[in-house]
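Working notes, beginning with the structure itself.
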Amino acid sequence: MYMDKQLKSGIFYTQRMPADMQQTAAIESSIIAYLRTQKIHIIKQFSDLGYENLMRPGLNGLVKYLVHHSEANKERSSKASIDVVVFYSFDQSGKDKIRLHFITPKIKRYVTEVRFLEHSLKLQNEVLQPPKRNVF
């Protein structure tokens, strides 16, 4: 299979709210569509439900996946890698972003780029407008 050399492989993580799951799914689909326009191919998606979920099984799964993927590539001498992890939180207060910054150094051991997309993303005509983004 031919892969565009400019295409980055990525993992998408969301911290969801239990409220309107249809709207949540629509926003996540739009974000993935936007990431495609940025030449990021999402190969895996993880999520956690609610602000009070301190166990974060989705986030823990993401880290385990990165570690396993990295070790498997070393064993096979493969250069296949995950280039970017994209985080999106429905948390308007910013608390989740602060929590995610704590784990970012560990994630950066396995990827070249970590992106945080802001909650203020708006859907307009079913197309995601370019968000403000922080690249670390």
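Assorted remarks:
- Number of the condition not met by Lys74 [criteria: (1) over 17 Å from the mean Cα position of the chain (by Cα); (2) at pLDDT 75 or above]: (2)
- Residue count for the stretch 1-21, restricted to those that are at pLDDT 80 or above and over 14 Å from the mean Cα position of the chain (by Cα): 2.
The values are calculated or read from the model by the stated rules, or taken from the named source; none is laboratory data. Predicted, not measured: the structure shown is a model, and the values here were computed from it.
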